[in-house]
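The structure appears right after this line, and notes come after that.
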Ligand SMILES: NC(=O)c1ccc[n+]([C@@H]2O[C@H](COP(=O)([O-])OP(=O)(O)OC[C@H]3O[C@@H](n4cnc5c(N)ncnc54)[C@H](O)[C@@H]3O)[C@@H](O)[C@H]2O)c1
Ligand SMILES: [Zn+2]
């Protein structure tokens, strides 16, 4: 195809895709859409004479007027995009000496709030950038962070992003598994399209401000300060002096991406001074005084090739999506979870469909929904849940509102293997030298059935297997030996008791339980007294620990510790608490200066906690101190320097710990 035709084809696609997207039913994932825009941009750059008219790249949003159209005082634009550090550096070169703020690029929808003589007069969506929808009533009723009044004369216009917080989104989907929301951004857009606020009352939104104009001009020219003075929750803005500092903040935002309560798809750089930003002016569809740094996508489309039903460690039978490989959120994904049969039904998913796959951080990828069901060929197949267990063929039972399927056969081979693998996992006993495949073989050979069987394995027994040699047998046995120190918290996690989470195990330790047997004997009253443990969790603990009593005895006999470990006890803050109120990060290898012996990092972190510190795992703008041991990697130090975090050698901290009597 020649360039002219391709340009026209891409331009047409963009118009169609945008229209669907801004109506709340996207046909492709954002990353796929962005790739189309990028291709068009590249072709136009190479062939400027073929620029289509109208050029969709010069347009913003889409007309979606459902309420009452309102013309914006000045256009609400898109943002110029960057993906490389050089582009960040170029932005600073364009504005020498100008302070810049870096903030998260929130993934919601933009709103303009207009205040007249101190009162909220109207709230308007971006629309096509020139004209938007009047959503004042919905915003008043449903959006937090929008004050009714501001202390300012004349006309004040605050622009920002309305998002659905992840916690709100999750809570909503938990209550409405039958009609789940696809993602927080779609949910926010859908909410502000409602005809009647009452129908969407459970879907609260949160507004974060990022732009301000005032008439008459207000004296405060710093954007962040001026917004706060007016009482707005601004997006978290960091002032940066140069490109390196900005890049460091961008990196921090990307690292924190999964811990924040809102979706974000990048970071925005913007001139901090309101006058400078206004003076910089605009291009056809973006302001010159701002730049969006886009992060790698966490959502892509692919084909659902098949669905298999997987038996979990608690007997839950869960649908697993087998996908055509797709690169999303930094890795290639071939499997994703489909939750349960209710979710499949609600989302109308069929085998052969093009589906939207999301992945965020360590979370297992999941199928968020079907794209464009209208494109089906008729060859798609219904997903049919099994009636018997795929492993032991016992009939299944349905439990709960979302009709989850369970195999209740405790002798089910698949469950047995899953439980053993779980016992050996890092969060539990951490028997890292025996992988899942070997656990499965040993179980098939009848040597492993319960966790305590690991501790009866001998090198001789392992050597009977053809493919296990002297070296691996020794490593396996060493790894099993080391796991005997597992302790109450991790042993409880390893036993995979339904409804008892890792948090439950940690809270039981902090509440003063000294051993797993003590938990088993506590009775309902003793258990519900612990923070966040309700009657259901208590009942499950009692039922399963009673059933597991003989197994606990076998573990004890095998020399496995089921007692609480030092590091799981609540920190007792020492008098004087030299590190009180400080958030610290510990890096490098730590050793006790009095004995010269190496000290495991978690142990040292516990000591710091007793001195009053809060421990963080990576250096961020919230870190007060980086404590360095031996052999510290350069990257942590550079980062600390950029973020102006105090760097302290472990020697000085040991001195303080000794003086405060912590050690
Ligand atoms: N899947 C699809 O079919 C499809 C179609 C069209 C557009 N899209 C997606 O929509 C986006 C592009 O369009 P766009 O113009 O709406 O967004 P954009 O990426 O150009 O960014 C501009 C918007 O960012 C928002 N924003 C969030 N935080 C901000 C901050 N701190 N400062 C300033 N602005 C901030 C504002 O709402 C602003 O309108 C892309 O992510 C694109 O992938 C997807
Ligand atoms: Zn079974």
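Read-outs: derived from the displayed coordinates by stated rules, not from any lab. What you see is a predicted model, and the numbers here were worked out from it, not measured in a lab. Positions of Cβ are generated from backbone atoms using ideal geometry, with glycine treated the same way; all protein chains shown enter the neighbour counts.
Could you tell me the convex hull volume per residue, in Å³, taken over the Cα atoms of the stretch 471-562?
Spread over its residues, the Cα hull of the stretch 471-562 gives 93 Å³ apiece.
Obtain the nm distance between the two label points defined at residue 179 and residue 547 by a simple spin-label model: each point lies 7 Å from its Cα along the Cα-to-C-beta direction.
Label-label distance for residue 179 and residue 547, simple model: 3.7 nm.
Based on DSSP, what percent of beta bridges with both residues in the stretch 536-661 are antiparallel, to the nearest 5?
Just about 25 percent of them are antiparallel.
Cα centroid distance between the stretch 328-393 and the stretch 1-53, in Å?
28
So if I take the centroid of the Cα atoms in the stretch 57-111 and the same for the stretch 199-227, what is the distance between those two points in Å?
Each part's Cα centre sits 15 Å from the other's.
Please quote Rg/Rh for the stretch 622-663 to two decimal places, taking the Kirkwood radius as Rh and restricting both calculations to Cα atoms.
The Rg/Rh ratio comes out at 1.05.
Under the √(5λ) rule applied to the eigenvalues of the Cα gyration tensor, what semi-axes describe the equivalent ellipsoid of the stretch 3-58? Give them in Å, descending.
21, 11, 8
Restricting to Cα atoms and excluding each atom paired with itself, what does the Kirkwood estimate give for the stretch 583-659 in Å?
Taking every pair of different Cα atoms in the stretch 583-659, averaging 1/r and inverting gives 12.5 Å.
Note the angle between two axes, namely the Cα long axis of helix 3-22 and the longest principal axis of the Cα atoms of the chain, as a number of degrees from 0 to 90, rounded to the nearest 10.
Approximately 70 degrees, to the nearest ten.
When the Kirkwood radius is taken over all Cα pairs of the stretch 1-134, what Stokes-Einstein diffusion coefficient follows at 20 °C and 1.002 mPa s, in µm²/s?
It diffuses with D of about 123 µm²/s by this estimate.
Roughly what % of DSSP beta bridges within the chain run antiparallel, to the nearest 5?
The antiparallel fraction comes to roughly 85 percent.
Sorted from fewest to most neighbouring beta carbons within 10 Å, what does the list 207, 366, 454 look like?
Final ranking by Cβ density, sparse to dense: 366, 207, 454.
Which value in Å does the Kirkwood hydrodynamic radius of the stretch 299-406 take, with 1/r averaged over all unlike C-alpha pairs and then inverted?
14.4
When a footprinting reagent is the concern and you count Cβ atoms within 10 Å, what order do 431, 421 take, fewest first?
By the 10 Å Cβ count, ascending: 421, 431.
Need one number: convex hull volume per residue for the stretch 11-90, Cα atoms only, in Å³.
141
Going by C-beta contacts inside 10 Å, put 34, 242 in order with the fewest on the left.
Ranked by crowding around the Cβ, least crowded first: 242, 34.
Calculate I(q)/I(0) for the stretch 441-485 by the Debye formula, one identical point scatterer on each C-alpha and no solvent, and give its log10 at q = 0.17, 0.21 Å⁻¹ to two decimals.
Cα-only, vacuum Debye calculation for the stretch 441-485: -0.45, -0.68.
Specify the inter-centroid distance of the stretch 229-298 and the stretch 439-484, based on alpha-carbon positions, in whole Å.
About 54 Å separates the Cα centre of the stretch 229-298 from the one of the stretch 439-484.
Please pull out the direction-averaged projected area of the stretch 69-294, using the convex hull of its alpha-carbon atoms, in nm² to one decimal place.
12.2
How much space per residue, in cubic angstrom, does the convex hull of the C-alpha atoms of the stretch 249-361 take up?
For the stretch 249-361, the hull spanned by Cα atoms encloses 162 Å³ per residue.
Would you kindly state how much longer the chain becomes between residue 201 and residue 73 on full extension, computed as 0.36 nm times their sequence separation minus their alpha carbon distance, in nm to one decimal?
Here the segment from residue 201 to residue 73 would lengthen by 43.1 nm.
From the gyration tensor of the Cα coordinates in the stretch 400-541, what semi-axes in whole Å does the equivalent ellipsoid have, largest first, with each one equal to sqrt(5λ)?
Listed largest to smallest, the semi-axes of the stretch 400-541 are 32, 19, 11 Å.
Restricted to Cα positions, what overall size does the stretch 518-663 have along the principal axes? Three whole-Å values, descending.
Principal extents (Cα only, largest first): 54, 32, 32 Å.
Helix 650-659 versus the longest principal axis of the chain: what is the Cα-based angle in degrees, 0 to 90, to the nearest 10?
60
log₁₀ I(q)/I(0) of the chain at q = 0.08, 0.09, 0.12 Å⁻¹, via Debye over equal Cα point scatterers, no solvent, to two decimals?
Relative scattering, expressed as log10 I(q)/I(0), comes to -0.80, -1.00, -1.44.
Taking 0.36 nm per intervening residue step and subtracting the Cα-Cα distance, what contour gain separates residue 525 from residue 449 on full extension?
24.1 nm
Using 0.36 nm times the number of residues separating residue 38 and residue 166, minus their current alpha carbon distance, what extension gain do you get?
43.1 nm
What distance in nm lies between label points placed 7 Å from Cα along the C-beta direction at residue 518 and residue 499?
2.4
Going 7 Å from the Cα of residue 594 toward and past its Cβ, which residues in the stretch 627-660 have a backbone nitrogen under 19 Å from where you end up?
Within reach of a label on residue 594, which here means backbone N under 19 Å from a point 7 Å along Cα→Cβ, the stretch 627-660 contributes 650-660.
If each of residue 647 and residue 327 carries a label point 7 Å out from its Cα toward its Cβ, how far apart are those two points in nm?
Going by the 7 Å Cα→Cβ label model, 3.4 nm.
In degrees, nearest 10, range 0 to 90: what is the angle between the Cα axis of helix 243-256 and the longest Cα principal axis of the chain?
50
May I ask you to derive the FRET efficiency for residue 305 and residue 532 from their Cβ-Cβ distance with R0 = 35 Å, giving the value to the nearest 0.05?
0.30
Under the classification rounded if a/c is under 1.5, otherwise prolate if a/b is larger than b/c and oblate if not, where does the stretch 528-583 fall, given a ≥ b ≥ c as square roots of the Cα gyration tensor eigenvalues?
Here the stretch 528-583 falls in the oblate category.
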